[in-house]
1. Quick one: among ALA60, ALA23, ALA122, which has the greatest mean-square fluctuation in a GNM of the chain with alpha-carbon springs under 10 angstrom?
2. Could you work out how far helix 125-138 tilts from the main Cα principal axis of the chain, as a 0 to 90 degree angle to the nearest 10?
3. Of ILE6, MET109, GLY50, which is farthest on the positive side of the dipole of the chain, counting Cα position, with +1 on Lys and Arg Cβ, -1 on Asp and Glu Cβ, and the Cα centre as origin?
4. Using a Gaussian network model on the chain with a 10 Å cutoff between Cα atoms, which of MET131, MET51, MET120 fluctuates the most?
5. Which residue fluctuates the most in the chain, going by a Gaussian network model with Cα springs under 10 Å, if the choices are LEU86, LEU69, LEU59?
6. Using the C-alpha gyration tensor of region 59-116, what are the square roots of 5 times its eigenvalues, in whole angstrom, with the largest one first?
7. Could you tell me the extents of region 63-155's C-alpha atoms along the three principal axes, largest first, rounded to whole Å?
8. Using Cα pairs under 8 angstrom and six or more residues apart, how large is the relative contact order of region 78-157, in percent?
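Since every read-out is calculated from the coordinates, none of them should be taken as a lab result. As the structure is a prediction and not an experimental result, all values here were calculated from the model. For neighbour counting, all protein chains shown are included, and Cβ atoms are generated from backbone atoms with ideal geometry for every residue, glycine included.
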Amino acid sequence: MSYAVILSSKTGNTQRLADRARAELGEKNEVADVASADLVLVGSWTDKGGMDPALEPQLAVLSGKRVFLFGTCGFGGSQAYYDRVLDRFAAALPQDARVVGRFMCQGQMPPAVRERYVKMSAQDPARFEPMIENFDRAVGHPDEKDLEALAAALRAC
Ligand SMILES: Cc1cc2nc3c(=O)[nH]c(=O)nc-3n(C[C@H](O)[C@H](O)[C@H](O)COP(=O)(O)O)c2cc1C
């Protein structure tokens, strides 16, 4: 089975998922031409609750294609949140694209984000302390367990 990858990863988290997906599907089966691929992996970091808008110009070719959607987001621990983000990702695809699988997990954020939260928590601890806790939970993700769950989601489709 041939596959192509459409990816946006700014700090490497979603890139790690893509690398694992490639290892799972076999690097020799990857093709550059999305139109000819049996399956297209579409991966993005989460930007304001949805897919990186910079990917938009690459999505029209997905009309009628089998698509595996994946990504990472900063807010962790809630499958309901992951599902909402993935629904937003799916809504960015052409209507007749066939989503055959999807996967989302938490991705760690840059240290400057934590420093900002710490400063702001002096003014508004009720709001920012949970955000610091979320930041700390994200450190190290995607981890091996996340990568294995991605591989399992790929095998299932
Ligand atoms: C400008 C900006 C907006 C973001 N918006 C969200 C968001 O709405 N929800 C969320 O959970 N994470 C958000 N994040 C966190 C990233 O999606 C997260 O750290 C992701 O794992 C980064 O993936 P990458 O390393 O592949 O770029 C945002 C990050 C940035 C820089």
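1. Residue with maximal mean-square fluctuation among ALA60, ALA23, ALA122: ALA122.
2. 40
3. It is GLY50.
4. Residue with maximal mean-square fluctuation among MET131, MET51, MET120: MET120.
5. Highest fluctuation of the listed residues: LEU59.
6. Values for region 59-116, descending: 27, 12, 9 Å.
7. 51, 28, 21
8. Answer for region 78-157 is 35 percent.
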